[in-house]
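Q: Supplied in structure tokens, the structure appears directly below.
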Amino acid sequence: MTVRAHQHQRGRPFGAAIRLFLPILLAMSVTALFVMVWQSVDEQSEFAALERDGVRYIQALGPLEIALTNAGSAAVGGKDAPPEELSRAVAAVAAVDRELGERLSTQDRWAGLRAKIESLPADGGGGPETIAAYGTVSDLLLALMDKVRNSSKLVRDPTADLYYLGDGAAQELPESIVAAAEYTNLLVVLPGLSATDRASTLIDINTAASALAGNARDLSDDVRLAVEGTGSQSLGSALLSRLDRFNRSVDNLLPLVTPLLSGRGSVDPGQVGQGRDELQAAAADLSAALLTQIDLGLSDRISSLDQRRLLAVGIFVISVLLALAPAGLALTARLRAGRPPRGPGRAAPPWPEPHAAADPEHALRRRISVP
């Protein structure tokens, strides 16, 4: 055997090992990539699911805010606040908090808010003290809503449209409702105050009016940026008409203080109540639409992530099979080549006799001796 043939035979096991190792290495690389993709998709899906929990919680807080402002307005007007609406809203939030409170870390804040709600005066006392009591409860509710928005990570949504919709639904709109309630309640109590108290109350009315106008303006910017960010006509059609209604209600409510500021007139309580009711109805309608659009967007995102997960599984399985197929075929061929013959029907291979091959003279003698 020549040196080249000997080296070739020595290199064959090494080459076979390389051909067997490369497909395994490729399969391991594909598996690592699959695990990375799976973890990324799983994290994004969990992120969106947590945001949807936040939307559910805020959907329950919206009616509670409306019920609280209605109860506060009734109390300021010297009337008994109807307990049914507020009781239903409290029960609805309590049910959501039992389900999601631990996940969103809201249990302590909700317990404090609920205790304050239950300590509100049952009968209408009227006056600045009642406004202050309901104002404290409203501040706690806004703090709870902000906690939900942060714990559910709505405040960190990666898409522009859902971020701006979340800001409008969970911050600007709720603050607008509270500012409108304070504004209208102060307008109602103003005529019964002394001259000294009237001067300070007018300042508070202007502050509440400025807060209402500023929140309404920021809310409009949020909706506009969300519509521009997504480019979806359906989003615009679902929100813009409701936003216009809300802005009209704000525009109708703000000028009611003008006669007081000019000193040439008074406020009609019936007109104030009608303007407040229209604003709350428009706000409730807009809030429901905003939260519905956020939930639809998150649901579509989760569905898309589920499809990506299935696609990743399919690509992973096909890639591993293609990577390991050559190695499997080569191993099968080697096993078949090295398998000994079986069965009586197969003849033994014509191996030469070792002595005849090694001794030519012996072979010649055998041929001569044959008759």
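Each reported figure results from applying straightforward, stated rules to the coordinates on display, with no laboratory input. Predicted model, so just to flag it, every value in this text is computed and none were measured. Quick reminder, even Gly has a Cβ in these numbers, built from the backbone with ideal geometry, and neighbours come from all protein chains shown.
Q: Rank by packing, highest mean first: peptides 160-166, 180-186, with packing defined as the count of other Cβ atoms within 10 Å averaged across residues. Don't skip to the end; give the middle numbers.
A: Details: 160-166: 22.6, 180-186: 26.0.
Result, highest mean Cβ count within 10 Å first: 180-186, 160-166.
Q: Asp268 versus Asn150, label points 7 Å from Cα toward the beta carbon: distance in nm?
A: 4.5
Q: May I ask you to order 137-145, 56-64 by the average number of other C-beta atoms within 10 Å around their residues, highest value first?
A: 56-64, 137-145
Q: If R₀ is 56 angstrom, what is the calculated FRET efficiency for the pair Leu261 and Asp306, using the beta carbon separation as r and rounding to 0.05?
A: 0.45
Q: Now, a different point. Just to be sure I understand the model, the point goes 7 Å from the Cα along the line to the Cβ. What's the resulting Glu46 to Ser29 distance in nm?
A: Taking the two extended label points, one gets 2.9 nm.
Q: Same structure, new question: For the residue pair Asp204 and Asp285, what label-to-label distance in nm results when each label sits 7 Å from Cα along the Cα-to-beta-carbon direction?
A: Those two pseudo-labels are separated by 3.2 nm.
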